[in-house]
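**Q** The structure is given below, and queries will be raised subsequently.
The values are calculated or read from the model by the stated rules, or taken from the named source; none is laboratory data. Here the structure is a predicted model, which is why all the values come from computation and not from measurement. When we count neighbours, we look across all protein chains shown, and the Cβ atoms used for this are built from the backbone with ideal geometry, even at glycine. When the accessible area is computed, the model is the full protein with side chains, heavy atoms only, and any ligands, DNA or RNA have been set aside. Shrake-Rupley method; radii C 1.70, N 1.55, O 1.52, S 1.80 Å.
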Amino acid sequence: MDKGIVKLAPSILSADFAHLGKQVGEAEQGGADRIHVDVMDGHFVPNISMGAPIVESLRRVTRLPLEIHLMISDPDLFLDAFTEAGSDAFLVHWEGNHHLHRTVQRVRALGKRVSVVINPATPAAVLEEILHDVDQVVVMTVNPGFGHQPFIHTTVPKIRRVRQMIDKIRPGCDLEVDGGIDPTTAPLVVDAGANVLVAGSAIFSEGEGVIAAMKRLRAAANQAMT
Ligand code: DX5
Ligand code: ZN
């Protein structure tokens, strides 16, 4: 693996929604590479969150790429609305999608970046055929649905396996991890081969503020690179 720079993708799920524009501005100042938007429908996961209007508002206040993590039962139904709102990338789950290849091709046809996401209990092997068609793989390091959950350590060997697959089959594909990433767990996932870290509570729920929290997270992630 090219141990280049680790990218940070702050998840606004843990942001203060009364001050969302300000917090995203701080994340941008803190060197965020993209903003991670968690979309939940209360069906695919046991929680609801936000929809396309939030993306439309964010589009007006940041130039950062907006990646949309679709934790919804029928992602195909919402791709157009999120695209019109100004999304740059879609993260779609392997679980529950009988026509994943079609969904991936639809995202491509919209001219957007596409990622396939796998849950903690889903083996890396399911990626083998779809890997050729994606820009990024996302390994969930918690069960999707909520912020502030503890990191699931058994996902670390899987991250390593996915890194090996990427290096062999599709070098250049990003490997993102999502859930429970903080200064303690960041070195573990970077060492295993992740190069994009999603973090919600470790960035937006720290008393020290967004910029300081990002600096601390980046420093911890970089430890694993040396
Ligand atoms: C969980 C979401 C995550 C969440 C991460 O379902 O996909 O993106 O915001 O939050 P933390 O970083 O607090 O685990
Ligand atoms: Zn997410």
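**Q** If His132 passes every condition in (1) open to solvent by 70 Å² or more (accessible area, probe 1.4 Å); (2) in contact with a Phe, Trp or Tyr (Cβ under 7 Å, 6 or more places away or on another chain); (3) not polar (S, T, N, Q) but one, which one does it miss?
**A** (2)
**Q** Kindly indicate which of Ala15, Ala32, Ala27, Ala9 is open to solvent by less than 20 Å² (accessible area, probe 1.4 Å) and within 26 Å of Met165 (Cα to Cα).
**A** Ala9
**Q** To continue, here is another question. Here are Thr103, Thr141: which of them is under 19 Å from Val196 (Cα atoms) and among the hydroxyl-bearing types (Ser, Thr, Tyr)? Quick ask: steps written out before the conclusion?
**A** On the way: Thr103 fails: under 19 Å from Val196 (Cα atoms).
Exactly one residue qualifies, and that residue is Thr141.
**Q** Could we say that Val114 is in a strand (DSSP E or B), within 27 Å of Ser201 (Cβ to Cβ), touching a residue at least 12 places away in the same chain (Cβ under 8 Å) and open to solvent by less than 10 Å² (accessible area, probe 1.4 Å) here?
**A** Details: in a strand (DSSP E or B): yes; within 27 Å of Ser201 (Cβ to Cβ): yes; touching a residue at least 12 places away in the same chain (Cβ under 8 Å): yes; open to solvent by less than 10 Å² (accessible area, probe 1.4 Å): yes.
In short, yes.
**Q** With a cut-off of at least 2 residues that are free of Cβ contacts under 8 Å to residues at least 40 places away in the same chain, away from ligand 2 (no atom under 16 Å from the Cβ) and under 29 Å from Val24 (Cα atoms), name the helices (runs of 4 or more DSSP H) lying wholly within region 153-226.
**A** Hits in region 153-226: 186-192, 210-223.
**Q** Let me ask something additional. Taking the residues in region 152-182 that are open to solvent by 20 Å² or more (accessible area, probe 1.4 Å) and within 12 Å of ligand 1 (Cβ to nearest atom) as candidates, determine which candidate is nearest to the chain's Cα centre (by Cα).
**A** Out of the qualifying residues, it is Gly180.
**Q** How many residues does region 163-187 contain that are under 27 Å from Gln23 (Cβ atoms) and in contact with a His (Cβ under 8 Å, 6 or more places away or on another chain)? Give the derivation first.
**A** The initial filter retains those residues of region 163-187 that are under 27 Å from Gln23 (Cβ atoms), namely 174-187.
Remaining after also requiring in contact with a His (Cβ under 8 Å, 6 or more places away or on another chain): 178.
So the answer is 1.
**Q** Here's another thing I want to ask about it. Being among the aliphatic types (A, V, I, L, M) and crowded, with 18+ Cβ neighbours inside 10 Å is the filter here; which residues of region 78-108 pass it?
**A** Matches in region 78-108: Leu79, Ala85, Ala89, Leu91, Val92, Leu100, Val104, Val107.
**Q** Identify all residues within region 183-226 that are modelled with pLDDT of 95 or more, open to solvent by 30 Å² or more (accessible area, probe 1.4 Å) and within 11 Å of ligand 1 (Cβ to nearest atom); write none if there are none.
**A** Filtering region 183-226 for residues modelled with pLDDT of 95 or more gives 183-204, 209-221.
Subsequent filtering for residues that are open to solvent by 30 Å² or more (accessible area, probe 1.4 Å) retains 183-184, 188, 191, 201, 211-212, 215-216, 218-219.
Of everything in region 183-226, just one residue is modelled with pLDDT of 95 or more, open to solvent by 30 Å² or more (accessible area, probe 1.4 Å) and within 11 Å of ligand 1 (Cβ to nearest atom), namely Ser201.
**Q** Additional query: For the condition open to solvent by 70 Å² or more (accessible area, probe 1.4 Å) and either modelled with pLDDT of 95 or more or acidic (Asp, Glu) (or both), what is the one hit in Asp41, Asp2?
**A** Asp2 is the lone residue from the list that is open to solvent by 70 Å² or more (accessible area, probe 1.4 Å) and either modelled with pLDDT of 95 or more or acidic (Asp, Glu) (or both).
**Q** All but one of (1) in contact (Cβ under 8 Å) with a residue 60 or more places away in the chain; (2) away from ligand 1 (no atom under 14 Å from the Cβ) hold for His148; which doesn't?
**A** (2)
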